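The values are calculated or read from the model by the stated rules, or taken from the named source; none is laboratory data. Everything quoted here is computed from the prediction, not taken from an experiment. Using ideal geometry, Cβ is built from the backbone for each residue, glycine included, and neighbour counts are taken over all protein chains shown.
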Amino acid sequence: MSSDQEEKDGLPDGGPVTLTTAEIWAMLKIQRKVIAAFVAAVVVVALVGSLLAKKQYRATALIQISPRAGQELRVEEVVDFEREAQERTFAKTQLGLLQSRSTAEAAIAENELEGYTDFTMKNDGAAKLSKMLTVTPRTDTELVEVSIVDRDPERAARLANLVTNAFRSQNLKARLDLSSEAKLWLGRQLGEYNKRIVEETEDLIKYQGANNLADAEEEVTQLSATMDALNRAYGDVNTQRVLLETTVNAHDALKARGAYESLAKDMATPLVTALTAEYSAAATENAKISARYLEQMPERVESEARLRSFDVELRKEVDRTLATEKAQLEILRSKEASLAAETDAAKARLLARQRLHSEYESRQLKLERSKQFYSTLSQRDGELELAGQTKLNNVHVIDEARPELKPVSPNIPRNLAMALALGVVFGSLLGFLIEYADNTISSPEHVSTYLRVPFLGIVPRLVATDDDRDRAMYTFANPRSPASEAVRAIRTVIEFNPNVKSLKRLMVTSSVPSEGKTNTIVSLAVSFASLGRRVLLIDADMRRPRMHHLFEVPKDFGLSSVLKGSSLDAATLHTSVPGLDILPAGPRTEGPNELLASQAMADLLTELDRRYDLVLIDTPPAGMLSDAAILSKLADGVVFVVREQTVSRRLVRDVVYRLQQVGAPILGVIVNDVDLSRRAAKYKYYYDYDYRYEADNKPDAAAK
């Protein structure tokens, strides 16, 4: 069978069937009487219990607990900055104190002082009061409800007020005790910080005198200015030295190459410039004379001598100028080194004074911090003194408790509502367990829930009789009986089944023997024949045939004979029912499975389709033999018969599943042998007419 078909049928291979919500609801409807009875019993018990219960009254006092009132008592905040974390637990702490044994004992002590003897320390009044007490904080407020529940409304109000007054007194006492402890702590701290201020002041003065820090800040400023001036002078000298050093190196290079003319032009001193001009003029004049006179002529000799003298003078002056430049370079180098040394010394002095000044500021800051702490402690000490005198309290009574004449318990409407809800829940659970514990098929819902196939109808339990023939032919003999009407209803459901286009072959089977399968198929055959149709009833149970016995016909010829080649006409027999013929099983034979699975069987059914309007096939139980599975493939529809409260659901489900696996066209299930005198309610949905049985003092007998 395909996976889609398996999903549709809801029968997983070898696994349990999962109940759906609709199926569970159907099971609960079956047990609705049990559920209703259980709910009624629970509601009645709740009502009686509520009416018999003693009335309880609640008195409530409203108080305010402010975490920020009396903050002067929280001296630990001077040294502990976890106030926000503490305030988150403040409310829970106060609620715990309200419900503490000490608060209850203080309230009972006050109750005794007022002359009441109902709650005393001797009769364990504190423990009783704690059980009666309820403390409820109002959300997002500082308000707390203090409630007492008691049988006496006056006493409830009195005890609630005693609890709030006791808590308020204890809270104030705790704050005053804390104030006293805080003042002692503050006194010690003030003395310690006063001594620390004196010591730190003396130390600061000594340090200032020892290091000459009277004008420490001004001195640091002056040293910083000196450092700036030295840095600027050093920069200027360094620049001059670098420029002059570059010039001297260039001049040395020109001199080494003998380029005195280029060197003289680059120096450009007044004297060098003048000598250069005279040398140029002499050279020009010498060029002219050389052009006019021969080498030995006096004019030319005099001109060349004069040119040489200018050249010697120019070289001497260039050498002197270069020597001067080098002397100036050495002076700049010496000055640069001197300024660097002065700068380093000034820097060292500045750093030393800065370290001294930094240490001075650190000691001065320490002294100022001690003074600040001393001032804060002094202010808090004054606040504590004021708190001790004014007796501040952070607990305020907003509303005192008053006697309430309306009882809070028993709350009959609430109790009944809870009883109804619990009754429905547990009653449904009980009904479900009862229904689930029944492992047999006993209602239409069981067919749809556990077998997942359509429910075709029921066959009621018949009037007692010891004759199998009478039971089989009961509907024919009693056409107006409830059983006949039930079979006709089943016939209608089968005939108009939308899943069958043409119903020519109808097979009827069961899971185990003795479920009334044979009697049911005979009743169906009689019902179809009553419509004027030609109907043939085949007994395909060759192992335990019964048709020949029920209809009192010979079994010498039958289905086994025809399948082996005998005449069909000779094996087919008429019955006393008009329009109904039967084909008995015939003589016993070896291998009935092979005969039913043979081509001869298929050919036989084809021939019978031509002769009859409907062929009904009775098979062996499908849970024990494979005959039904073989024949189901040749049928247009398969009807499954289940005797009520006889066979386990799982067995029936497994048999149905195996038939579906081979492709059997299962039309549905008929529940047989139903005792409507006990189970009419389960089948009322399907049979809304009333079955009335004829008076009969004989015991019932199951349809077989």
Can you tell me which of I630, I582, I617 is aliphatic (A, V, I, L, M) and in contact (Cβ under 8 Å) with a residue 60 or more places away in the chain? I617
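Residues that are of a type outside the set (D, E, K, R) and at pLDDT below 60: find the helices (runs of 4 or more DSSP H) completely inside the range 6-108 holding 1 or more of those.
Details: elements: 21-30, 32-52, 83-98.
Here the list reads 83-98.
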Within 30 Å of E261 (Cβ to Cβ) and assigned to a helix (DSSP H, G or I): is that true of K335 in this structure? no
Give just the number: which of (1) modelled with pLDDT of 75 or more; (2) under 40 Å from the mean Cα position of the chain (by Cα) does T449 not satisfy? (1)
Against the condition farther than 22 Å from T589 by Cα and in contact (Cβ under 8 Å) with a residue 12 or more places away in the chain, how does S511 come out, does it pass? yes
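Quick check on this structure: which one of E607, E644, E594 is at pLDDT below 90, charged (D, E, K, R) and surrounded by fewer than 18 Cβ atoms within 10 Å (Cβ to Cβ)?
Only one candidate passes the filter, namely E594.
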Can V149 be described as crowded, with 16+ Cβ neighbours inside 10 Å, assigned to a strand (DSSP E or B), touching a helix residue (DSSP H, G or I) at 6+ places or on another chain (Cβ under 6 Å) and in contact (Cβ under 8 Å) with a residue 12 or more places away in the chain? yes
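Determine whether L204 is outside the structural domain of E330 (by TED's automatic domain parsing), part of a helix (DSSP H, G or I), of a type in the set (A, V, I, L, M, F, W, C) and touching a Phe, Trp or Tyr at 6+ places or on another chain (Cβ under 8 Å).
Numbers: outside the structural domain of E330 (by TED's automatic domain parsing): yes; part of a helix (DSSP H, G or I): yes; of a type in the set (A, V, I, L, M, F, W, C): yes; touching a Phe, Trp or Tyr at 6+ places or on another chain (Cβ under 8 Å): yes.
In short, yes.
Somewhere in the range 525-535, is a residue under 30 Å from V671 (Cβ atoms), surrounded by 18 or more Cβ atoms within 10 Å (Cβ to Cβ) and of a type in the set (K, R)? I'd like the intermediate steps shown before the answer.
Narrowing the range 525-535 to residues under 30 Å from V671 (Cβ atoms): 525-535.
Keeping just the survivors that are surrounded by 18 or more Cβ atoms within 10 Å (Cβ to Cβ) gives 525-530, 535.
Okay, now just the ones that are also of a type in the set (K, R), so none.
No, the range 525-535 has no match at all.
Taking the range 513-564 as the search range and keeping residues that are among the charged types (D, E, K, R) and more than 20 Å from Y474 (Cβ to Cβ), which one is modelled with the highest pLDDT?
Kept after step one, since they are among the charged types (D, E, K, R), are these residues of the range 513-564: 515, 517, 533-534, 539, 541, 543-544, 546, 552, 555-556, 564.
Now restrict to residues that are more than 20 Å from Y474 (Cβ to Cβ): 533-534, 541, 543-544, 555-556, 564.
Details: R533: 92, R534: 95, D541: 88, R543: 84, R544: 87, K555: 81, D556: 83, K564: 89.
My answer is R534.
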A628 passes all but one of (1) within 25 Å of D654 (Cα to Cα); (2) surrounded by fewer than 20 Cβ atoms within 10 Å (Cβ to Cβ); which number fails? (2)
